[in-house]
Amino acid sequence: GLFTVSHAGWLDDGCGINANKIRPNALIVWSEYSKKELLRLGTYFTESELMIGGNPKGEDLHASAGPVEDGTFGILVPYESGAPKEEVAEYLRRFLSDQSIRVFFSVRPDRDAARQVSEYGLSASERITIVSKNLEECLPHVHAVCGVYSTFLYDALAYRRPVIILESSRATGRAMADNGLAEFLPKGCDAADLKAKSLEANAKVEQRAQDYLGGGIMLEKTLDGFFKR
C-alpha cells in the first residue's frame, strides 16, 4: 500500500537484473498508483512484472464515510511510529490555539495507548478525543486527516476525507503530496492555513480516492482467481 525511497528492498541496487538475483516472477501491488510509484522510484521489477491485485482491506474501505456533521473543525491524526513526534506536536499546539479545532488522535492497537498519546504531547480533553477502536464513529466529525507518512493517510482517501501532509524532517512523507493525492502544509502554519488547505483538498477528494484505489479491485478476489487456476 505504500512505497517510498526508504523501501530499499523493492528498489534497484544499480547492479542490473541478472540470473544471479533471487527474485519472484511478479510482484502484486494494490493499485495502478502503487505500480506507477514503484516504477518512478526505480524498482528492479519490470512494468509487466508488476501486477495489480487490489486492496486487501475489505470492501468497506471503498465506501465514503458520508458528510461531516459536526459544527467544530475536526482533524484526525494517526500515531506514526517513525514520525518526528515533537514536530507534529508543534503543529497540534498551533491548531488547538483555535477554539474551533477538535483533534481525534488514533492510537495503534499494538502499542501502549498512554505512551502514544504522551509522545505527541496530548491528553484527553473536551477537544481532544483518543480513538483506539471504532474509527468509523468519529469520521462524521472529521474534516481532514493530518500526518507525516503512514499508510493510514492513504486509507483516509477511501473515506473521502482530505489529507494534509505536515512538513517535517522525515522527507518520505512528501510523496503523497508530490503525487497529487494530498495537500502539503509547511511548518509555521496555523489553524487558518489548515482550514484553507482542507477546503482546497475537499474539492479534489473524490478524484484522489479514485486515483489511489484504482477502481475497487479487491485482493481477496485476485487471490481466489490464482488459487482456482
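Each peptide among 25-35, 104-114 gets the average number of other Cβ atoms lying within 10 Å of its residues, and from highest to lowest they stand as 25-35, 104-114. Stretching Val5 away from Gln99 to a fully extended chain increases their span by 30.0 nm, per 0.36 nm per residue minus the current alpha-carbon distance.
Compute for segment 148-229: radius of gyration divided by Kirkwood radius, i.e. Rg/Rh, restricted to C-alpha atoms, rounded to two decimals.
Numbers: Rg = 15.6 Å, Rh = 14.0 Å.
When Rh is taken as the Kirkwood radius, the ratio is 1.11.
Leaving out ligands and nucleic acids, and using a 1.4 Å probe, what accessible area per residue does segment 102-174 come to in Å²? List each step's numbers first, then the result.
Numbers: 3150 Å² over 73 residues.
So segment 102-174 comes to 43 Å² accessible per residue, rounded to a whole number.
Report in % the part of the accessible area of segment 141-229 that belongs to carbon and sulfur, leaving out ligands and nucleic acids; probe 1.4 Å. Carbon-and-sulfur percentage of accessible area, whole number: 52. Maximal additional length on extending the Ala89-Ala203 stretch stands at 38.3 nm, based on 0.36 nm per residue less the C-alpha distance.
Classify segment 36-123: rounded, prolate or oblate, from the alpha-carbon gyration tensor (a ≥ b ≥ c, eigenvalue square roots; a/c under 1.5 rounded; otherwise prolate if a/b is larger than b/c)? Here segment 36-123 falls in the prolate category.
Calculate the dipole size of the chain relative to its Cα centre from +1 charges on Lys and Arg beta carbons and -1 charges on Asp and Glu beta carbons; express the result in debye to the nearest 20.
Working: 27 positive and 32 negative charges, 68 e Å.
In total the dipole reaches around 320 debye.
Give the residue from Ser123, Phe3, Thr151 lying farthest towards the positive end of the charge dipole for segment 1-159; charges sit on Cβ (+1 for Lys and Arg, -1 for Asp and Glu) and the dipole is referred to the Cα centre. Positive-end residue among those listed: Phe3. For the cross-link pairs Lys36/Lys133; Lys57/Lys187; Lys133/Lys221; Lys197/Lys221; Lys85/Lys133, the ones whose C-alpha atoms lie over 31 Å apart are Lys36/Lys133; Lys57/Lys187; Lys197/Lys221. Computed over the chain, the range of Cα coordinates on each principal axis works out to 61, 36, 35 Å, biggest value leading.
For the chain, the longest principal axis of the C-alpha atoms and the axis of helix 191-202 are separated by about 40°. Label-to-label distance for Ser125 and Thr151 is 3.4 nm, based on points extended 7 Å past Cα in the beta-carbon direction.
The values are calculated or read from the model by the stated rules, or taken from the named source; none is laboratory data. No experiment lies behind these values; they were computed from the predicted model shown. We place every Cβ from the backbone using ideal geometry, glycine too, and count neighbours over all the protein chains shown. Each accessible area value is taken on the protein alone, full model and side chains, heavy atoms only, with ligands, DNA and RNA left out. Shrake-Rupley method; radii C 1.70, N 1.55, O 1.52, S 1.80 Å.
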